[in-house]
Each structure stands twice: as structure tokens, then as C-alpha cells.
Amino acid sequence: MNKHEGRRKVNEHSKDQQLEHYRSDNRGKKMTTNQGLRVSEDEHSLKAGVRGPTLMEDFHFREKMTHFDHERIPERVVHARGFGAHGYFQVYEPMTEYTKAKFLQDPSVKTPVFVRFSTVAGSRGSGDTVRDVRGFATKFYTEEGNYDLVGNNIPVFFIQDAIKFPDLVHAFKPEPHHEMPQASTAHDTFWDFVANNEETAHMIMWAMSDRAIPRSYRMMEGFGVHTFRFVNEQGKARFVKFHWKPVLGIHSLVWDEAQTIAGKDPDYHRRDLWEAIERGDEVEYELGVQMIDEEDEFKFDFDILDPTKLWPEEMVPVKIIGKMTLNRNQDNVFAETEQAAFHPGNVVPGIDFTNDPLLQGRLFSYTDTQLIRLGGPNFHEIPINRPVCPFHNNQYDGYHRMTINQGPVAYHKNSLQNNDPAPASEEEGGYVHYQEKVEGRKIRQCSESFKDHYSQAKLFWNSMSPVEKEHIISAFRFEVGKVKSKDVRRQVVAMFNRVDGDLAKQIAAGVGVKPPEKDEGSKVTLKSPALSQENTVQTPVTRTVAILAEHGFDDTEVGRVMKAFHKAGIIPEIISTALGIIKGDNGKEMEAVNTLQTVDSVLYDAVYIPGGHESVERLKKQTAALDFIHEAFGHYKAIGASGEGIALLLSAAGSHAGSQPGVITSRNHKDTDSFSKDLIEAIARHRHWNRKV
Ligand code: HDE
């Protein structure tokens, strides 16, 4: 039998075609019950007389209400708040040497994907921009079955053994007696867990860094975290770690901004992703792999199975092997994002597991959680979870079974049906687990090689720029500063004194703890420049700029600058004191799509204050306009001001503002070319940390 007989050739559209079967568009349709009966009235329940009691007989009312009463399903215990998008993945060149995974062989094949981004700690309705780890889960609908890469935006994890996961989660979730705080680790039980479980040290450094407050899902990395295996056709295996590298670079918010956004627009990240895709801006991530030969397993000063360790990119280079493009928004968040069931155990031939004890535990947990969340064992039949290739086995029945299995035979082995469905040999695409040799005593212990908790925490600290270090210190002071127990605060300082003495001193100074007497910091001096966001891609593409304007703005200038913005891929938005048309000094009209009341500077990457006497005079009278500029200045964002706009900038941000980095001014109305060029460059830089604010 041909290896892929009976399998549909997968391309970018195959998942979409499959979903088409389930789409329902109410437009132009008559209302019916779920039984298809046309409904004649939908506003009044059936009553015995206009002032009489409602009748049991009202099947329409009962069906509608019963459905409503059951609209909610349990939210995910972790990663409850999420948002997804569709797209495709393409490998750059055949990966035959390393893996036999079909979807990594042919650069012309576009494998459909669905990605769900998430926060970990908060409930489903919590804010997007809280300090937290982000989930980055990808489902590849390959022709060999679904492959799920269920990762995070931080490459290491808090703990080393899955058996501690319930403890970790109980510690970071709101405290059970009063259910506070929401979506935040700034409380006693979390830091108590940290201080008493030292393996958390490395990940805590990441969680306190800017990585935990990304600017957008489009500007963060993704990591498979665990060490997996690639296996090629010849059966040769290599250890592998997966990386997603955002084409737009890795960028973050500042903490004050993140907190404000959580109130001003709690949907900030999902809106950013949704709007980018609606605009037609493709959202791209390159897939990278780090590989270590089996023979080299013990050549490192960390255990490659330990999920609290990364492989420094300078030591084990990241080979970029393909690109994922997200280009289609979901039709319905519940049907897709909410019902998506990811599972690290969903693999294809050529990708295998290792004995990382965290991964091993995850292989159990995900299916188990879906059983309760999605109500039974048939969640693989929900449209978003269905593979694009056919699936056949003897698993029958259960809640919400959609497949109508035919014939009397539902067992293996059989003779009545030719022993079908029959297992496939390896040559026919059957999954055969990598035959790793395993032996050992049954023990509840962790390997000695898992016990160094501080070297890589120090490596991370060493790799940070001075500004990134400042942010980490402030984050610790905020989080630990909210801990009521003095003893826990003291324990945290003692623990991070084992990472770096100076860091511990600085934390101590902010949280009412005596500085440690002795510096017990790790002696590691190694740096990994790849860990610092300072070294990331800088581009103006898809950056948003708030143009503050009123009637009488310099329309020649704004027209030219807008043109330059559009050319650079920047998204400008006119913000005024009221929605609607504003007229420029030459009568040109532009539409204000937001007002100083509907938005805030935290929602934009940059601000531009054009000239125009009347416009600036009107804005000067608005405290909100002054606050807008002052805040953007304080958040180190690019600001452009020209002509009369400069005076507005200076009165909002201070007389020194004009000469500060990332502030571009032009007194000459005619010189828009160099003004736009400088401003666009400043916007691409993301933040101007050396500014005096
Ligand atoms: Fe998860 N995790 N996890 N996790 N995880 C879940 O599965 C679990 C871990 C991750 O968008 C749950 O469907 C255990 C690491 C993501 O739907 C649950 C352990 C990493 C998502 C679960 C871990 C992740 C989840 C909750 C310790 C990064 C969201 C609902 C061994 C590599 C997926 C669900 C989505 C979700 C268990 C640790 C990533 C309970 C037991 C490490 C991105 O099954």
C-alpha cells in the first residue's frame, strides 16, 4: 500500500475548506429552533392570557433558555485568557537530514496552522497586559496528523517535575480565602512558593524582566521549552529545542504603561493581533531549532533534560528552518480559541519526546484537562481540533459523538472486516516511538545534575543591558513589595542573593529588608547577548502613531508626513477633541477617528504634533492633550513636533524635552522629508531609554 494512500494532500486552504462545512451565517435567514422549526415570535413567552403565567408547553422558550444556561464551559485552569488566529507554515529547505516529519520536507507545501496566544495566571476576562508568561501554542494540521507545539514566550520553566505543577499554580492563582489578586503574582503565596522552591530562580528572572510585558503577541518569541527529539528516516535522533522568532523583533511595554493599558484597553493584545490581520498585515515568525547530537548529551555544564535551563544560542546556534504566517482571523472565538485543545503529545513521525520530567507529566495532563473542559472524549471531532487527514480507529460513542461509524465491527483484531482499520507499518507512516534505552530503579528523586539553580539565573542577569536590569529591580520591588509577610520578603532577598549580590541589595532596599551581609552570588560571568532585547530587530512596520490635531492644523505638512508614514508601514491615526472631520489651514479635511477622551498615549507607539496655529492653540487648552504628550515622553516613545507644535510639546513635557533622544522637532514647515525620515527612524527604535524624563 502506498504510504499516503487515502490521505488528502494538505495545503494552506484545506483546513479552511474543512471549517467551511461548519460555518453558519445567519444573514438573510429565517429564525428556527434547533430542530429546524420556523419560529413565529421571539420576544414574548407563551402565556395563558397577556397577564397570565408562562406555559410549560413553550418549547421555544425552554430550548432558548436551556441553551443559554449552558453557554459557559469551564475555563482552562491555566492559560484561561487566550486569542487565536489561522495561518500557514512553510519550511525553507528540506529537513531530511534531521527529521522525517513530512511537513518539514517540502518548501512548496503550506501547512495550515492555528495559534492560540494566552496569559497564564488570570481568568478568562482578565487584562491582556499584566505581568505574566505568555502561552504560544501552535497546531500544525499536517497530512500525517496534528502536530502541536505548545510553548511559552519564556524558554525555561518554574519547576522541573510535573508533580509540582498543581502547587505552583495554587501559589500564583488568587489566594483562595479572598480570591485576590487577579492575574498577578504580586502576593504572598506566590513568593512564598518561589522562596521555598529554588528551581524557580531562573524563570523568575525572566518573569521580572520586560519579557513578561510584551508590546504585542506579534513582537514576542516563542519556545518549545522542553528538549524534544528529531528523528530522521535512518532512525538517527538528535536533541532539539524549538524557537519562534518574530520578524518584527522582540519588544515590550514599560510597566507603568502596561498597568494603564490594563484599564484603558484590557483587550490590547488581542485587538493588536486582530487589527493587524484585518488590515492585511501578515504576522510572521520564523521557526528555529537548536540541535545537539545524542553523543554530546553530557558535554554541557547543565543537564539538557532540565526545563529550567536554556541552551545559550552562542553555544548551540539556532538554525532557522521555516516561517509561520498568520493571515486569517477566526470566525468565532468560542468555537475556535476556546474549544481548541492543544496537547504536547500530539506529534508526527520524526518528532519525539525526551525524559524531561516536566514534559512527561504534561503528556498526561492535557488530554485529561480537555475531558472535563470540553465535556467528554470526542473533542478531537470539534472543527478546530479535527485533523485535515482522515482518522480511523475503534474508539466509539461518548458524549457529543459526531462521526457516524458504520458496520458492526468496532474491535481489533477482527476477521469480519479484514482486520480493518489496520495498524500501519513504519514505512506506511505508522508512528514508532524512538527506542531509547531506559533502565533504573524506581525512585522519587531528582538527578544531581538538576540541582544548580543559580548559574543560568546569573547568565540571564549578566546578559541584560543596564536599563533591562533597572526594570528587573523595579519589578521585584513591585511584586515583593506587595508581599505582606516580612519573612517571605526576607527569604526572597536571601534567595536572589544567590543569583547576584547587587541585585539582592537593590531588591532589599525597596522592600524593607536588611541587605544581605555577604554576597553569595553565582560566580558565572558568561553573557548571552541573544537574551537581551537591545539586540533585536528594529523596524517601523505596523507601529502606531497618534497625530494630535484640531481645526487649523498644517495640512500640507500632515499630508506629506502621513505619506511617509504609510510608505514606511506605519499606522497613523488622527486624534482630536471630537470625532469627525477636522479642517486644515488650507481647507483640507481629515477624519479624527479617536478623541482625547476615547484613547490614551499608552495605546500608541509614538506621537506626532503637527504645526498650525489654530490647531495648537485649541489643543493647548486641553489638559488631556498635555497629559497625552507628557505620558508618551515619560514612556520613552518617539515624539515628533513641528512648527507651532513644538511649543505644545515643551509645555507638556518640559523645556528640556526638545533636545532629548527620540524627540524630533522641525521649525521649518517645508522640511518635511528629513523630519519624517528622522521621526520614522526614532519610531523604529521603539524606546529611547537614554532620555531624561
Ligand atoms: Fe501547560 N497546561 N502545563 N505548560 N500550557 C495547560 O491544558 C501543564 C507548561 C501551556 O492555548 C492546560 O488545555 C502541566 C509548560 C500552554 O489552549 C493543562 C505542566 C509550558 C497552554 C496544562 C505545564 C506550558 C497550557 C490547561 C507542568 C510551555 C495553553 C488547559 C508539567 C512549554 C494551551 C489546557 C492553549 C495549558 C498542564 C507546564 C504551555 C492543565 C501539568 C512548561 C501554551 O493541561
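The values are calculated or read from the model by the stated rules, or taken from the named source; none is laboratory data. Not measured: the values here are computed from a predicted model. Note that each Cβ is placed from the backbone with ideal geometry, even for glycine, and that neighbours are counted across all protein chains shown. Only protein heavy atoms, including side chains, enter the accessible area calculation; ligands, DNA and RNA are left aside. Shrake-Rupley method; radii C 1.70, N 1.55, O 1.52, S 1.80 Å.
Among the residues making up region 634-649, those that are open to solvent by 30 Å² or more (accessible area, probe 1.4 Å) and within 22 Å of Asp555 (Cα to Cα) are Glu644, Ala647.
Of the residues making up region 598-606, at least one is of a type in the set (Val, Ile, Thr) and within 23 Å of Ala682 (Cβ to Cβ).
Picking from residues in region 360-379 that are open to solvent by 20 Å² or more (accessible area, probe 1.4 Å) and away from the ligand (no atom under 13 Å from the Cβ), the one that is nearest to Val78 (Cα to Cα) is Gly375. Any chance region 437-449 includes a residue that's open to solvent by less than 40 Å² (accessible area, probe 1.4 Å) and in contact with an Asp or Glu (Cβ under 6 Å, 6 or more places away or on another chain)? No, every residue in region 437-449 fails to be open to solvent by less than 40 Å² (accessible area, probe 1.4 Å) and in contact with an Asp or Glu (Cβ under 6 Å, 6 or more places away or on another chain). Of the candidates Pro357, Pro312, the single residue that is away from the ligand (no atom under 15 Å from the Cβ) and farther than 24 Å from Phe103 by Cα is Pro312.
Suppose the filter is over 25 Å from Gln18 (Cα atoms), aliphatic (A, V, I, L, M) and surrounded by fewer than 16 Cβ atoms within 10 Å (Cβ to Cβ); does Met291 pass it? Spell out the reasoning first.
Working: over 25 Å from Gln18 (Cα atoms): yes; aliphatic (A, V, I, L, M): yes; surrounded by fewer than 16 Cβ atoms within 10 Å (Cβ to Cβ): no.
When the stated conditions are applied, Met291 does not pass them.
In region 422-516, counting only helices (runs of 4 or more DSSP H) that sit wholly within it, the ones holding 1 or more residues that are farther than 22 Å from Ser528 by Cα span 466-481, 486-496, 501-510. Being touching a Ser or Thr at 6+ places or on another chain (Cβ under 9 Å), modelled with pLDDT of 95 or more, among the charged types (D, E, K, R) and more than 16 Å from Met208 (Cβ to Cβ) holds for only one residue in Lys527, Lys514, and it is Lys527. Scanning region 254-269 for residues that are of a type in the set (D, E, K, R) and surrounded by fewer than 21 Cβ atoms within 10 Å (Cβ to Cβ) yields Asp256, Lys264, Asp265, Asp267.
For region 414-425, the count of residues that are in contact (Cβ under 8 Å) with a residue 12 or more places away in the chain, loosely packed, with under 10 Cβ neighbours inside 10 Å and not assigned by TED's automatic domain parsing to the domain that holds Pro349 is zero. Among the residues of region 389-411, is any on the phi < 0 side of the Ramachandran plot, touching a Gly at 6+ places or on another chain (Cβ under 8 Å) and open to solvent by less than 40 Å² (accessible area, probe 1.4 Å)? Yes. Restricting attention to region 115-125, the residues that are open to solvent by less than 10 Å² (accessible area, probe 1.4 Å) and of a type in the set (Gly, Ala, Ser) add up to 3.
Hey, any hits in region 641-661 for a residue that's modelled with pLDDT of 95 or more and closer than 19 Å to Val541 by Cα? No, region 641-661 contains no residue that is modelled with pLDDT of 95 or more and closer than 19 Å to Val541 by Cα. Among residues of region 357-376 that are farther than 16 Å from Gly224 by Cβ and part of a helix (DSSP H, G or I), those with a beta-carbon under 8 Å from a residue that is within 7 Å of the ligand (Cβ to nearest atom) and open to solvent by 50 Å² or more (accessible area, probe 1.4 Å) at least six positions away or on a different chain give the pairs Ser365/Phe165; Thr369/Val77. All conditions in (1) more than 19 Å from Asp161 (Cα to Cα); (2) among the small types (Gly, Ala, Ser); (3) surrounded by 15 or more Cβ atoms within 10 Å (Cβ to Cβ) hold for Gly430, with the sole exception of (3). When region 334-354 is limited to residues that are open to solvent by 10 Å² or more (accessible area, probe 1.4 Å) and within 8 Å of the ligand (Cβ to nearest atom), the one that is nearest to His433 (Cα to Cα) turns out to be His343.
Can you tell me which residue is farthest from Pro174 (Cα to Cα) among those in region 69-83 that are outside any loop (DSSP other than H, G, I, E, B) and within 12 Å of the ligand (Cβ to nearest atom)? Here the answer is Phe83.
Is it the case that region 215-227 has a residue that's assigned by TED's automatic domain parsing to the domain that holds Thr308, outside any loop (DSSP other than H, G, I, E, B), away from the ligand (no atom under 16 Å from the Cβ) and open to solvent by less than 20 Å² (accessible area, probe 1.4 Å)? Before the answer, list the steps.
In the first step, residues of region 215-227 are kept if they are assigned by TED's automatic domain parsing to the domain that holds Thr308; the result is 215-227.
Now drop any that are not outside any loop (DSSP other than H, G, I, E, B), which leaves 217-219, 222-223.
Of the ones still in play, those that are also away from the ligand (no atom under 16 Å from the Cβ) are 218-219.
Checking which are open to solvent by less than 20 Å² (accessible area, probe 1.4 Å) leaves us with 218-219.
Taking every residue of region 215-227 in turn, at least one turns out to be assigned by TED's automatic domain parsing to the domain that holds Thr308, outside any loop (DSSP other than H, G, I, E, B), away from the ligand (no atom under 16 Å from the Cβ) and open to solvent by less than 20 Å² (accessible area, probe 1.4 Å).
Of the listed requirements (1) within 28 Å of Pro94 (Cα to Cα); (2) under 24 Å from the mean Cα position of the chain (by Cα); (3) surrounded by 22 or more Cβ atoms within 10 Å (Cβ to Cβ), Phe230 misses just one: (2). Would you confirm, using the coordinates I've provided, whether Arg441 is free of Cβ contacts under 8 Å to residues at least 40 places away in the same chain, outside the structural domain of Ala162 (by TED's automatic domain parsing) and closer than 30 Å to Asp256 by Cα? Spelling it out, it is not the case that Arg441 is free of Cβ contacts under 8 Å to residues at least 40 places away in the same chain, outside the structural domain of Ala162 (by TED's automatic domain parsing) and closer than 30 Å to Asp256 by Cα.
Is it the case that some residue within region 492-499 is farther than 20 Å from Thr189 by Cα and within 30 Å of the chain's Cα centre (by Cα)? Yes, region 492-499 contains at least one residue that is farther than 20 Å from Thr189 by Cα and within 30 Å of the chain's Cα centre (by Cα).
Scanning region 301-328 for residues being more than 26 Å from Asp148 (Cβ to Cβ) and open to solvent by less than 50 Å² (accessible area, probe 1.4 Å) gives a total of 2. Scanning region 268-315 for residues that are among the hydrophobic types (A, V, I, L, M, F, W, C) and assigned to a strand (DSSP E or B), which turns out nearest to Ile570 (Cα to Cα)? Across region 268-315, the extreme among qualifying residues is Val283.
For region 586-595, what are the residues that are crowded, with 18+ Cβ neighbours inside 10 Å and without any contact (Cβ under 8 Å) to a residue 40 or more places away in the chain? Break it down into steps so the answer makes sense when it comes.
Looking only at region 586-595, we keep the residues that are crowded, with 18+ Cβ neighbours inside 10 Å, and these are 590, 592.
Residues satisfying the conditions do not exist here.
State yes or no: is Ile581 part of a strand (DSSP E or B), surrounded by fewer than 16 Cβ atoms within 10 Å (Cβ to Cβ), touching a strand residue (DSSP E or B) at 6+ places or on another chain (Cβ under 9 Å) and free of Cβ contacts under 8 Å to residues at least 40 places away in the same chain? Taking the combined requirement at face value, the residue satisfies it.
Of the residues screened, Val483 is one that is touching a residue at least 60 places away in the same chain (Cβ under 8 Å) and more than 30 Å from Lys102 (Cα to Cα). Among the residues of region 37-69, the ones that are among the hydroxyl-bearing types (Ser, Thr, Tyr) and either open to solvent by 90 Å² or more (accessible area, probe 1.4 Å) or on the phi > 0 side of the Ramachandran plot (or both) come to 1 in all.
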